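The values are calculated or read from the model by the stated rules, or taken from the named source; none is laboratory data. Computed from a predicted model, the values in this text were never measured in an experiment. Neighbour counts run over all protein chains shown; Cβ positions are idealised from the backbone, glycine included.
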Amino acid sequence: MDTIGKRWQAIKARIEAAALDAGRAPDSVSLLAVSKAHPASAIREAYALGQRQFGENYLQEALAKQEELQGLDIEWHFIGPIQSNKTQPIARHFDWVHSVDRAKIADRLNAARGPGQPALQVCIQVNVSGEDSKSGTSAADAIALADHIRQLPKLRLRGLMAIPAPTHDPQEQQSQFRAVRDIYDSLQSSGHHLDTLSMGMSEDFPAAVQEGATIVRVGSAIFGARIKPTTDQPT
């Protein structure tokens, strides 16, 4: 088996073990393979193993890969910060957007979703650690943003996404993910019907699974070190 195959199998096994350790069904956690800065050939390898959900951060890079891989039944997830002037191609070319953090972006995605396309599946990105360098809405503003998205007919709010501050302390990891789960529970209590917590990456996803993650985003642990820069600059 090739290196991507071995890594993918190992990550799948770790996700299953983390779910069982949390008292959850293994299939309650999905793997989103983060393929940014890796070529379409790497995506094709993972696809051959059975992987169908792929996450991209940079629009132009993603569009080139989509063109090369057209015909494959890939579910494309946009997970990077969103520039206002890129909302139209994101809305047209992705199935999911994890990084909605303000009403303006939600409005533009809704307006740009193509006629005949199904509703765009979206998550609200929350900045649970309060870092200035990270995108995301505050916990205090999440409910108002969710209420706004609920009024947009071409968007379907699925849940929350978060990228907590990096730490190697498992207890601190779990504490940050618990804070995201608390926001999720508050939204559920306020009448939103959610089913997605997109949280946890290569270094911390076991702690995220303990706190209810339904999608974990793993890149380097599957594809290895990123091998090419991108010209896209997120803002």
Residues satisfying the stated conditions in segment 85-102, i.e. of a type outside the set (Asp, Glu) and under 12 Å from residue 125 (Cα atoms): 97, 98, 99, 100, 102
Give me the residue from segment 44-78 that is assigned to a loop (DSSP other than H, G, I, E, B) and of a type in the set (A, V, I, L, M) and, out of that set, farthest from residue 214 (Cα to Cα). 69
Tell me whether segment 102-110 contains one or more residues that are under 15 Å from the mean Cα position of the chain (by Cα) and either acidic (Asp, Glu) or crowded, with 21+ Cβ neighbours inside 10 Å (or both). no
If you take the residues of segment 81-100 that are within 14 Å of residue 162 (Cα to Cα) and in contact with a helix residue (DSSP H, G or I) (Cβ under 8 Å, 6 or more places away or on another chain), which of them is surrounded by the most Cβ atoms within 10 Å (Cβ to Cβ)? 100
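So that you can scan it fast, the table gives a plain yes or no per residue for (1) of a type in the set (S, T, N, Q); (2) over 24 Å from residue 89 (Cα atoms):
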| position | (1), (2) |
| --- | --- |
| 106 | no, no |
| 110 | yes, no |
| 126 | no, no |
| 144 | no, yes |
| 172 | no, yes |
| 180 | no, yes |
| 194 | no, yes |
| 197 | no, yes |
Here are some conditions: (1) free of Cβ contacts under 8 Å to residues at least 40 places away in the same chain; (2) more than 15 Å from residue 208 (Cβ to Cβ); (3) not β-branched (Val, Ile, Thr). Residue 165 meets all but one. Which one does it not meet? (2)
So residue 145 fits all but one of (1) closer than 30 Å to residue 220 by Cβ; (2) out of contact with any Cys (no Cβ under 9 Å at 6 or more places or on another chain); what number is the exception? (1)
Meets criteria (small (Gly, Ala, Ser), surrounded by 16 or more Cβ atoms within 10 Å (Cβ to Cβ) and in contact with a His (Cβ under 9 Å, 6 or more places away or on another chain)) for residue 42: no
Here is a check on your reading of the model: is residue 27 touching a residue at least 12 places away in the same chain (Cβ under 8 Å), of a type outside the set (A, V, I, L, M, F, W, C) and part of a helix (DSSP H, G or I)? no
Checked 82, 105 against criteria (in contact (Cβ under 8 Å) with a residue 12 or more places away in the chain and part of a helix (DSSP H, G or I)); the one match is 105
In segment 30-38, is there at least one residue being crowded, with 23+ Cβ neighbours inside 10 Å, small (Gly, Ala, Ser) and touching a strand residue (DSSP E or B) at 6+ places or on another chain (Cβ under 8 Å)? yes
Which one of the conditions (1) over 23 Å from residue 26 (Cα atoms); (2) modelled with pLDDT of 95 or more; (3) not polar (S, T, N, Q) does residue 213 fail to meet, given that it meets all the rest? (1)
